[in-house]
1. Suppose the filter is surrounded by 15 or more Cβ atoms within 10 Å (Cβ to Cβ), in contact with a Cys (Cβ under 9 Å, 6 or more places away or on another chain) and at pLDDT 85 or above; does residue 311 pass it?
2. Give the residues of the range 278-290 that are at pLDDT below 85 and touching a strand residue (DSSP E or B) at 6+ places or on another chain (Cβ under 7 Å), sorted by residue number.
3. Conditions: (1) surrounded by fewer than 17 Cβ atoms within 10 Å (Cβ to Cβ); (2) closer than 30 Å to residue 143 by Cβ. Residue 169 meets all but one. Number of the miss?
4. Is one or more of the residues making up the range 185-205 surrounded by 13 or more Cβ atoms within 10 Å (Cβ to Cβ) and without any contact (Cβ under 8 Å) to a residue 24 or more places away in the chain?
5. Right, residue 67: over 28 Å from residue 190 (Cα atoms) and either touching a Lys or Arg at 6+ places or on another chain (Cβ under 6 Å) or outside any helix (DSSP H, G or I) (or both) or not?
6. Residue by residue through the range 62-86, note down the ones that are surrounded by 14 or more Cβ atoms within 10 Å (Cβ to Cβ) and modelled with pLDDT under 85.
7. For the range 147-178, which positions are among the small types (Gly, Ala, Ser) and more than 25 Å from residue 130 (Cβ to Cβ)?
8. Quick one: what pairs do we get from the range 221-236, first residue over 19 Å from residue 253 (Cα atoms), second not in a helix (DSSP H, G or I), C-beta under 8 Å, 6+ apart or different chains?
Amino acid sequence: MSAATKTACDPVVPVDDGGGVGLGKRPENVGQRVIKFLWTGIWLVYLSAPVVDLLDGGHSTGARILGWAGLLVFVAWYLLLVFRTGREDHHGPVLGSLAALAVLSSALALSLGREWLVLFVYVAIASGAALPMRSAVRTIPAASALMAALAFVVPDGREFVGALLVPALLGAFAMTGVRELVRTTIALREARATVALLAADEERLRLARDLHDLLGHSLSLITLKSELAGRMLPDHPDRAARQVADIEQVSRQAMSDVREAVTGYRRPRLNAEIAGARVTLAAAGIHAELPAGPPVDRDLAEVTEEHESALAWTLREAVTNVVRHSGARRCTVELLHRRSPDGPVLELSVEDNGGRVLDSDSDSDSGGVGHGNGLNGLTERLRQVGGTLEAGRTRHGFRLVARVPAEAPAEAPADATAGSPAGTQGAPAGASADREPSA
């Protein structure tokens, strides 16, 4: 048994966003439990020495029965310890379980022979997986020392000391690192969930404060003027009518302010939509090429919030179309500046290699391009902010392009006309790329 091989360690489970078991995440269904069990159980192949000894070791029937029973108990107990890697439960039962495994391993090795010394490697690794570092630094050497001592007692056991001691120490201490990685991953996942909850609470509080600030003064003024109009009505109806007119104006302004505030909270941001598109496409098994980082921030600094919101809605609708209807395996999103006859524009393009493309609100299931309420709504939304939308087939799939007015980039010369070949594709007549697309 090589030390390098055993150091790979039992409970490490590959992270798989497509339905596997994430590191530090408990299985949620039967399939994930099977995957985790197989990934952990594969290392039990090193128990082949005791199995072969039971089959061909010349033991009596009673010894074989006891050997099989002991081996099954050991494996079950070992798996229970390993599966709890990273949990912060009480460690007293764990220490008791490890002591029981050590006693069982000692009894099997003394009664059945040197082949059973390999059980101590699993005892050491279970110590590293189930105990914190402060405890594991004592239990791992203790298990290894007990194994070495028994090797000098069991007939011909000295030959196995070197072959078992190194994997026991290296594999077990490697497991302490894996355990810390699992605990850190769990803590990070919990912290993200907490941050999300706190952010939602903060948004609710901010909305409540803004609504209070917007409506408090307006409602107080409406109340005051209503009382004033009531007192004026019997003797001065004309003055009361002016107060009522003021009340109407204030109430309309309050409605407008509230509408703008709520619209601002519901307005999508392009960076958030890009992050959401990345997750959505990955979950659908579609390879995504998306812009990110400072170039996107520089591009968005040159457009208004209304223009950014229109592009964010466009990206959301386009990604929905790709996931639901296109059958694509690749999706490319580009954000770049262009110069058009009407001035500089910020262009968002979404291209996929799917065989059929439908609008997400289209009811048609046949091939071809469907223009339902989704694309029509995007066209109207972009038109309201002075933008345009183009959508159609390409040689390898489908391409959707949205453009909104933008300020000219400060670093771009006024006569710049050259651009990347990819960025020039699908441009309107007379348009040319200022610079490379953000990536």
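The values are calculated or read from the model by the stated rules, or taken from the named source; none is laboratory data. Nothing here was measured: the structure is a model prediction, and the numbers come from that model. Quick reminder, even Gly has a Cβ in these numbers, built from the backbone with ideal geometry, and neighbours come from all protein chains shown.
1. Numbers: surrounded by 15 or more Cβ atoms within 10 Å (Cβ to Cβ): yes; in contact with a Cys (Cβ under 9 Å, 6 or more places away or on another chain): no; at pLDDT 85 or above: yes.
In short, no.
2. Going through the range 278-290, the residues at pLDDT below 85 turn out to be 279-280, 282-285.
Scanning the range 278-290 gives a single hit, 282.
3. (1)
4. Within the range 185-205, the subset surrounded by 13 or more Cβ atoms within 10 Å (Cβ to Cβ) is 185-187, 189.
Checking which are without any contact (Cβ under 8 Å) to a residue 24 or more places away in the chain leaves us with 187.
Taking every residue of the range 185-205 in turn, at least one turns out to be surrounded by 13 or more Cβ atoms within 10 Å (Cβ to Cβ) and without any contact (Cβ under 8 Å) to a residue 24 or more places away in the chain.
5. Working: over 28 Å from residue 190 (Cα atoms): yes; either touching a Lys or Arg at 6+ places or on another chain (Cβ under 6 Å) or outside any helix (DSSP H, G or I) (or both): no.
Considered against the rule, which asks whether it is over 28 Å from residue 190 (Cα atoms) and either touching a Lys or Arg at 6+ places or on another chain (Cβ under 6 Å) or outside any helix (DSSP H, G or I) (or both), residue 67 comes out as no.
6. Selection gives 79, 81, 82, 83, 84, 85, 86.
7. First, the residues of the range 147-178 that are among the small types (Gly, Ala, Ser): 148-149, 151, 157, 162-163, 168, 171-172, 174, 177.
Those that are among the small types (Gly, Ala, Ser) and more than 25 Å from residue 130 (Cβ to Cβ): 157, 162.
8. none
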